[in-house]
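Reviewing the structure listed below.
The values are calculated or read from the model by the stated rules, or taken from the named source; none is laboratory data. Note that the structure is a prediction, hence the values are computed from the model and not measured. A quick note on method: Cβ atoms are made from the backbone with ideal geometry, for glycine too, and the neighbour counts reach across all protein chains shown.
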Amino acid sequence: MRPDDLKYSREHEWVRIEGGEAVIGITDFAADELGDIVFLELPEAGQMVLAGEPLGTIETVKAVEELYSPLSGEVIESNPDLSEQPEKVNADPYGDGWMVRVRIAELDENELMDAAAYGEMVDG
Amino acid sequence: MTNLQRTALTAWHAENGAKLVEFAGYSMPLQYEGVVAEHRAVRRACGVFDVSHMAELRVTGSDARAEVNRLITNDVSKLEPGHAVYTALCNDAGMVLDDLLVYALADDDFMIVANACNRAKVTSWFAERLGTGASLRDESDETALVALQGPRSLDVLRAWPRLLSSTRAVEALEYYSCQRLQLDDMPLLLSRTGYTGEWGYELYLPAAHALALWEELLAAGASCGLKPCGLGARDTLRLEAGFSLYGHELDEDVTPFESGIGWVVRLRKGDFIGRDALLAQKEAGIPRRTIALGLSGRNIARQGARVLHEGAAVGVVTSGSFSPTLQHGIALARVSDRAAEARLQVDIRGKLADVEIQKPPFVPNRTRGES
């Protein structure tokens, strides 16, 4: 279920490293816990993001949650489909539900987990 | 969640994938499949909700009618047995202690349905004020309440084998009326009421029969698209319908006139608790209004968000969510009377969003069928 080629954060984001770029989304666990996502506020291209700092907000019917950046860098683009179809995050968190593509400035891989370690954290 | 109260259906909810949350001291289902899917089921077909946490109080005796009428703002002096009214319960200052359904079961037998969070307060309010000709009993713990809501609700009841011999009585049931039925071993009070803005029913019965009712309804409704629904969908449905909720639009700091339920105040019915204060407020001018706001996008102005007019705070959002039907943010807000027709904005975590004042309900009311 959880792709092996991704890195996972304690805040339930996933990161796919593609050369000098990283694609960021939230995990299936996070999507299920949040429930129906109805609105996302994601950064614009050119914006600088810092590891551990808010990258955007996720609104569900019941609550609003911060999305934290697992790395530092410059935003290349946010997923344009999510403004009209945020439910794609619930339906396909590792695919069509990706959120932000960032040009990596700094990434501490020691802060991230592989799929097995993340699975142990959330599934026990 | 060890100290939480359970309903007769809590175990069923847990076994059937519900996400359970604390609500008014009870462990209650927030959702099963998802809030949006359950919301859509009720708008398009039907859903069942366990709302057994609601409080049921019984007032009986020769003075029951007059005594209840003296405590509530609406008028039950001519309410015929088998009918119900929605009302506010106010204190002497005219502030809202709770909103209630009052059923006349007989000329000397009234059932009061109160919010779970206000059960103790409402019970003692009644107990301390009822005269000797009326007695009070709190039947909440032994009473279950299941709401069947949505345009196909009647189809579900028609397909429910236990109800077959009473189908005609059910079909004749008007909005805000009720019927006591004995279905084999199951005593049932079937009421054409609800909190979703759709055609629907609320079913009161002894808690010991709740699981049988729940499973029989789900089986009867399977071909109608009936789904179990949680409190999450109940809240988005009531908000789209423009209905007030205690702890949001209603509390002890507002009068019914300020909270969108002024129509339940019958100043001419004779004396009742809160009447003098409410009359005085009406004559002096009602300082605040509850209004409906639509956002242009999917962003949500939640409870507590400030409402602004030309940069100045004029009120506060009392309920806000995403409307699954309209696909944009909707809210109810309490604003100063002068601002109730102005150009308004809401402050969503520091960002100002334009809002449009709308006439509630946000979604057409279909409690009496297609409009």
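List of remarks:
- Region B:283-300, subset of a type in the set (A, V, I, L, M) and within 11 Å of another protein chain (Cβ to nearest Cβ), residue surrounded by the most Cβ atoms within 10 Å (Cβ to Cβ): B:Ile300
- Looking across region B:25-50 at every residue that is under 22 Å from B:Asp141 (Cα atoms) and either among the aromatic types (Phe, Trp, Tyr) or surrounded by fewer than 23 Cβ atoms within 10 Å (Cβ to Cβ) (or both), the one that is nearest to the other protein chains (Cβ to nearest Cβ) is identified as B:Leu30.
- When residues of region A:38-59 are limited to those that are assigned to a strand (DSSP E or B) and more than 23 Å from B:Gln327 (Cβ to Cβ), the one nearest to the other protein chains (Cβ to nearest Cβ): A:Pro54
- Failed criterion for A:Val102 (all others in (1) surrounded by 19 or more Cβ atoms within 10 Å (Cβ to Cβ); (2) out of contact with any Pro (no Cβ under 6 Å at 6 or more places or on another chain); (3) within 12 Å of another protein chain (Cβ to nearest Cβ) hold): (3)
- A:Asp4 satisfies every condition listed in (1) closer than 30 Å to B:Leu30 by Cβ; (2) not in a strand (DSSP E or B) except (1).
- Among (1) in contact with a helix residue (DSSP H, G or I) (Cβ under 8 Å, 6 or more places away or on another chain); (2) crowded, with 16+ Cβ neighbours inside 10 Å - the single one B:Ser77 does not satisfy: (2)
- Which numbered condition B:His13 misses (of (1) buried (at least 21 other Cβ atoms within 10 Å of the Cβ); (2) under 21 Å from B:Gly197 (Cβ atoms); (3) over 20 Å from the mean Cα position of the chain (by Cα)): (2)
- Among (1) over 30 Å from B:Thr123 (Cα atoms); (2) among the aliphatic types (A, V, I, L, M); (3) in contact (Cβ under 8 Å) with a residue 60 or more places away in the chain; (4) crowded, with 18+ Cβ neighbours inside 10 Å, the one test that B:Leu205 misses: (1)
- Residues in region B:210-248 that are within 24 Å of B:Ser27 (Cα to Cα), within 14 Å of another protein chain (Cβ to nearest Cβ) and assigned to a helix (DSSP H, G or I): B:Leu231, B:Gly232, B:Ala233, B:Arg234, B:Asp235, B:Thr236, B:Leu237, B:Arg238, B:Leu239.
- Residue list for region A:77-117, filter: closer than 13 Å to A:Leu55 by Cα, not basic (Lys, Arg) and not in a loop (DSSP other than H, G, I, E, B): A:Glu77, A:Ser78, A:Val100, A:Val102
- Strands (runs of 3 or more DSSP E) lying entirely in region B:249-332 (those with 1 or more residues that are farther than 17 Å from B:Arg343 by Cα): B:312-323
- Test: A:Glu21 is among the acidic types (Asp, Glu), surrounded by fewer than 19 Cβ atoms within 10 Å (Cβ to Cβ) and within 14 Å of chain B (Cβ to nearest Cβ): no
Table: residues versus (1) surrounded by fewer than 18 Cβ atoms within 10 Å (Cβ to Cβ); (2) under 16 Å from B:Ala55 (Cα atoms); (3) not hydrophobic (A, V, I, L, M, F, W, C).
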position: B:Ser140; (1), (2), (3): no, yes, yes
position: B:Val146; (1), (2), (3): no, yes, no
position: B:Pro151; (1), (2), (3): no, no, yes
position: B:Glu174; (1), (2), (3): yes, no, yes
position: B:Thr196; (1), (2), (3): no, no, yes
position: B:Tyr201; (1), (2), (3): no, no, yes
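- Exclusive hit being surrounded by fewer than 22 Cβ atoms within 10 Å (Cβ to Cβ), within 14 Å of chain A (Cβ to nearest Cβ) and modelled with pLDDT under 95, set B:Arg368, B:Arg343, B:Arg338, B:Arg349: B:Arg349
- A:Pro70 fulfils the conditions (1) within 14 Å of chain B (Cβ to nearest Cβ); (2) surrounded by 20 or more Cβ atoms within 10 Å (Cβ to Cβ) except for a single criterion, (1).
- Taking region B:56-98 as the range and being among the aliphatic types (A, V, I, L, M), under 17 Å from the mean Cα position of the chain (by Cα) and either closer than 16 Å to B:Leu130 by Cβ or not in a strand (DSSP E or B) (or both) as the test, the residues that pass are B:Leu57, B:Ile72, B:Leu89, B:Leu97.
- Selection status of B:Thr255, hydroxyl-bearing (Ser, Thr, Tyr) and either within 21 Å of B:Asn118 (Cβ to Cβ) or without any contact (Cβ under 8 Å) to a residue 12 or more places away in the chain (or both): yes
- Qualifying residue in region B:304-314 (condition: small (Gly, Ala, Ser) and in contact with a strand residue (DSSP E or B) (Cβ under 6 Å, 6 or more places away or on another chain)): yes
- Residue identified as modelled with pLDDT of 95 or more and farther than 30 Å from B:Ile330 by Cα among B:Arg275, B:Arg288, B:Arg306: B:Arg275
- Odd one out for A:Ser83 among (1) more than 14 Å from chain B (Cβ to nearest Cβ); (2) surrounded by fewer than 16 Cβ atoms within 10 Å (Cβ to Cβ): (1)
- The condition (being aliphatic (A, V, I, L, M) and without any contact (Cβ under 8 Å) to a residue 24 or more places away in the chain) is satisfied by just one residue among A:Val38, A:Val102, A:Val122, A:Val64: A:Val64.
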